[in-house]
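The values are calculated or read from the model by the stated rules, or taken from the named source; none is laboratory data. These numbers were taken from a predicted model, which means no experiment stands behind them. No Cβ is skipped: glycine too gets one built from the backbone with ideal geometry, and neighbour counts run over all protein chains shown. Remember, those area values only see protein heavy atoms, side chains included, never the ligands or the DNA or RNA. Shrake-Rupley method; radii C 1.70, N 1.55, O 1.52, S 1.80 Å.
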Amino acid sequence: NVEIAAAADAAPYSSVYEYGPFSDDEECVAPFRTSPLHWDCVLDAPNLSSSVETSGLIDSGSALVMIDQELASRLNLRRRTLKVPVSIRFAASNGKKEDRVLREYVKIAPSSRSRSWKSRTLRALICSQLSAPIILGAPFLQCNSLLPDLKQRACFSRTTGVDIMNPA
């Protein structure tokens, strides 16, 4: 089973979480927590005349790329059946964990809102009640040669140096 924390707290955190409340003479080694890395992106659908702007959670700790069931339906993407279903343990916001079996996926290729950068085609598992419309896990980072930088709130292409969060 793959454990998915799909209902993470996505609210921005104040500097008290990020930097202390420390006095000037105390060293702050690391924050207690940081806000997730969300990427404002665009998804195209072959059967729609326009694109859909959405937000993707860039999550290097996730072994999967997933799309919320509602967004997949809204985009009218062609659903494909997995040859072997994927079992996950879904962590809900109420703290309960639920075992789920995912049986379908769609193909997506998110791009920056400016259209200056586009992902390679991804297979996104369809799952309901995600914390973000799309979760862009390690397969997204790997196939696009991307390096997330939480301190700079950036995600850099290893091949071009472009920050996909803030493309030119």
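Give the number of residues within the stretch 76-105 that are in contact (Cβ under 8 Å) with a residue 60 or more places away in the chain and more than 14 Å from residue 129 (Cα to Cα). Residues in the stretch 76-105 being in contact (Cβ under 8 Å) with a residue 60 or more places away in the chain and more than 14 Å from residue 129 (Cα to Cα): 2 in total.
The condition (being within 18 Å of the chain's Cα centre (by Cα), at pLDDT 95 or above and not aromatic (Phe, Trp, Tyr)) is satisfied by just one residue among 132, 124: 124. Of the strands (runs of 3 or more DSSP E) lying entirely inside the stretch 33-134, the ones with 2 or more residues being under 28 Å from residue 160 (Cβ atoms) and either of a type in the set (Val, Ile, Thr) or open to solvent by 80 Å² or more (accessible area, probe 1.4 Å) (or both) are found at 37-43, 52-58, 65-68, 97-108. Checking each residue in the stretch 150-164 for being open to solvent by 40 Å² or more (accessible area, probe 1.4 Å) and not polar (S, T, N, Q) picks out 150, 151, 153, 156, 158, 161, 162.
Only one of the listed residues (141, 147) is more than 16 Å from residue 44 (Cβ to Cβ), open to solvent by 80 Å² or more (accessible area, probe 1.4 Å) and within 16 Å of the chain's Cα centre (by Cα). That residue is 147. Scanning the stretch 13-32 for residues that are surrounded by 10 or more Cβ atoms within 10 Å (Cβ to Cβ) and at pLDDT below 55 yields 13, 16, 17, 18, 19, 20, 22. Restricting the first member to the stretch 120-140 and to residues that are at positive phi, and the second to residues that are at pLDDT 95 or above and of a type in the set (A, V, I, L, M), no beta-carbon pair is closer than 9 Å while six or more apart or on different chains. Residue count for the stretch 28-74, restricted to those that are polar (S, T, N, Q) and more than 23 Å from residue 153 (Cβ to Cβ): 6.
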